[in-house]
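First comes the structure, then the notes that go with it.
The values are calculated or read from the model by the stated rules, or taken from the named source; none is laboratory data. Computed from a predicted structure; not experimentally measured. Cβ atoms come from the backbone with ideal geometry, glycine included; neighbour counts cover every protein chain shown.
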Amino acid sequence: MPRLPFGGAMLALGAGGIATSPAAAQDDPRLSLAGDASSAGGSETTAERDTDYGDGSAFDTGGQLGYALLEGINYVAPTLVSDIQADFFQVAVRGPLRFDPRRGKLRARDWDELGDFFRIGQCVRLDWSASGRYEREHGHCMPWDVPTEDYYLSVRLGPIQDFTLGHGTVLRSYTNNVDPDHFHSGVVGNLQFHAFVQGQFFVDDVTRPSLLGASLALRPFSYASERTEWLYEYEHMLEIAVSVVSDLYAPAEVYTAFGRPLVDRAGNLLFRSRGVTVASAHLEYRFTFGSQVELEVRGDANYITGHGIGTHAQIWGIYNHPFGVYSVRGLGELRVQQPNYVPNYFDAYYGVQREQFTLSEGARRQLRAVTGGSDDDPFKTKQQLLEALDALGDAWQLGVLAGLDVQLYRGEGESRRTAVRGRLFLADNFERVADGQFFVSLEIPRLNDKIDVYALYARQNFDGLADLVALEDSLVKVSVRWDLNEQFYLTLNYGRIWQLVRDAEALVREGFRSDDEIGLALGFAEEL
Amino acid sequence: MREAAAARARATVWGVSLLAVAMGCQAPPPVPCGAAEGAAATCAQACGRLFRIGCRIGANEAECVATCLRAAGDGTVEDVSRYGRVLACYAAAADCRAVADCSLGCGPMGGPVPFRILDAGADREPMCVDDASEPDDEPSAARPVGVPSRVVGVACPADPDLVSFGLVAGTSYALTLSYDAPGASASLRVTDGAGVEIVAAPEGPTPRTVSFTAAATTTAFAWTVSTAGAGNYELQVGRP
């Protein structure tokens, strides 16, 4: 009776994104167990997805023709599409082009540096397990569903989206493609050695690796005898984990000449770099009250090396519907941290804020509060903020986070799977100006077996709830795929993205600018 | 590893300095300028080099030159007397890091170049990069100096810089304040430890000079305040 550790995983959509759900599942390994627990009174359930057992090879090919809008320019967007599977190797090949009919040429910035050519391999993956289920790869980069008793190693190359490591107190909802001018193909891996060991690792960019990290979790009591396995798996569980995330070449300070920031030929900001590393130790204990109610207590102790220490105490309350219709998880987190500790240092905005922390007025207010109002430099890096925090003393400060994670399921027994998943986090640190964090995501995989939806909204550096929802200065991603029939499908992609301004004078004033990216396409794919 | 350590040290010079200085930390060592005193180059030479080594300002060299002229001159002609050395440094830079080092080390007195740092052009007040003695805005944070002595620093508008020195009753003293920024206007005054003014030179073009004879043996504070223009200053504390 296989239990699928990632069974509750969502489908992350679009040509773009190593699916975040494995991370979410790793962050929350009991997502699948929630389903299991709910079925304690009946048959064991799994969250099955569209999978094929032992399907050795497959080859789909086709294309998309669409429209794209970026920087106010309308593009015709043809894309070659091919999905190949050969045993443990799969690749989703895409040739995404943006053609400007007015100028009669392709958008140059899509193909002007080495990393851009990795757009072709939206998901290149290797997966090994004894009894894993192959996913028909369409660029989603999902991990396989693998029974808990099995081993599993998955390495996936592609853009990273909404990736969370461990409990998320160090790295949460990380996205490596916030600026559409610079494509970054990262690597995400999952490791499972039965129920005893769970691991994750990632690298932000294979052409210029800088941010990398790993997490390793041990569940000592899960290696129990067959007689006690049920007890440990379903009534209580202890997990001990460590994780390290390091930005080896984190921007320390932007290079300037004539008082202006310097960029390279492809428009990347140039900066002095100095590594930032965060090490973390986790402890987690879960107890199940009957078949429906669970309580989890987690403790994370994190250290930004050379800077501050922060601790995160989390309590998760979980309610599973008795018939497995839904699962609701509520989170409360208390942070006790030094002034020079930044929780979730590597967050959804990190891909941009590592280079320019002061993206928004809120971020500028935060920096001014730290430096006593003496700093209006728009090009302060996140590391410079961290260094400024060092001067604020050693007094411990408090912070809180509240979260909600709701999953609805459909189907029963072996065909049971997630229908909708919504996640929400809201965080604030006391005694700090403009450092509120808000994150919400919605994932609807295979609605009516035709439609996939993924939406993400992240906002940071705000003070009050009135500033919680605004398009400006926020990070937004919406992807929809609608299968019209077996061959034709529609895709819709919207992103509120950040781009480095090209004009020298405007660059000085703004740095990165928030903008819209829209894509709409009709696709065709045929299995050969 | 050595290079990484050196890079870290260099980064500390500028990246940390503004913040560290604001927090009262030890000033980092200066970045050496890659061009000799008196060296000069044109904006076109500097921008040509920048684009050749792959660090750019603007979409092309012409845009870079225009930026250079705005930043290092009056918009049409470079101020070679002030910026020639850093332009020469840019024009000889081997890589982008060296370019950034030029910006940090080729200014007056071996410090940062007083470009209108990260300003938005002529319609915005230039941002002032203060010196390593900050904070020295009040008597409790004043920089103690001997008599005679020569004090150099960066003047930011409306940001007083204080030095303290000992007075001996019956002894005469003279203080002279000079700015290098054209059109700079400043005031200079001396108070005793209780804040009572001993002598003052009101706001006006530099140099500003005051002289007085101490009535008591005490500690005095010299207040230098730039009222217009940012730049480097020199304060001479001595006897007439």
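A few points about this structure:
- Residue list for region A:388-399, restricted to those being within 14 Å of residue A:366 (Cα to Cα) and either without any contact (Cβ under 8 Å) to a residue 40 or more places away in the chain or away from chain B (no Cβ under 11 Å) (or both): A:388
- Being touching a strand residue (DSSP E or B) at 6+ places or on another chain (Cβ under 6 Å) and in a strand (DSSP E or B) is a property that residue A:434 lacks.
- Some residue of region A:430-437 being over 26 Å from residue A:309 (Cβ atoms) and modelled with pLDDT under 90: no
- Total residues in region B:37-56, condition out of contact with any Gly (no Cβ under 8 Å at 6 or more places or on another chain), at negative phi and modelled with pLDDT of 90 or more: 13
- Residues in region A:311-341 that are out of contact with any Asp or Glu (no Cβ under 8 Å at 6 or more places or on another chain) and over 28 Å from residue A:421 (Cα atoms): 3 in all.
- Take the conditions (1) farther than 30 Å from residue A:270 by Cα; (2) modelled with pLDDT under 90; residue A:404 misses just one of them, which is (2).
- Within region A:247-265, if we keep just the residues that are in contact with a Ser or Thr (Cβ under 7 Å, 6 or more places away or on another chain) and among the small types (Gly, Ala, Ser), the residue that is farthest from residue A:356 (Cα to Cα) turns out to be A:257.
- Among the residues of region B:73-130, those that are over 17 Å from residue B:48 (Cβ atoms), within 10 Å of chain A (Cβ to nearest Cβ) and at pLDDT 75 or above comprise B:97, B:100, B:101, B:103, B:104, B:112, B:113, B:114, B:115.
- Qualifying residue in region A:400-410 (condition: in contact with an Asp or Glu (Cβ under 6 Å, 6 or more places away or on another chain), in a loop (DSSP other than H, G, I, E, B) and either within 14 Å of chain B (Cβ to nearest Cβ) or more than 30 Å from residue A:492 (Cα to Cα) (or both)): no
- Tally, over region A:463-493, of residues that are within 19 Å of residue A:423 (Cβ to Cβ) and crowded, with 17+ Cβ neighbours inside 10 Å: 7
- Single match in A:433, A:480 (criterion: away from chain B (no Cβ under 14 Å), within 20 Å of the chain's Cα centre (by Cα) and of a type in the set (A, V, I, L, M, F, W, C)): A:480
- Unique match (being outside any loop (DSSP other than H, G, I, E, B), in contact with a strand residue (DSSP E or B) (Cβ under 8 Å, 6 or more places away or on another chain) and of a type in the set (Lys, Arg)) among A:459, A:509: A:459
- Among the residues of region A:356-372, those identified as within 13 Å of chain B (Cβ to nearest Cβ) and part of a loop (DSSP other than H, G, I, E, B) are A:356, A:357, A:358, A:372.
- Among the residues of region A:235-274, those identified as at pLDDT below 90 and more than 9 Å from chain B (Cβ to nearest Cβ) are A:235, A:236, A:237, A:238.
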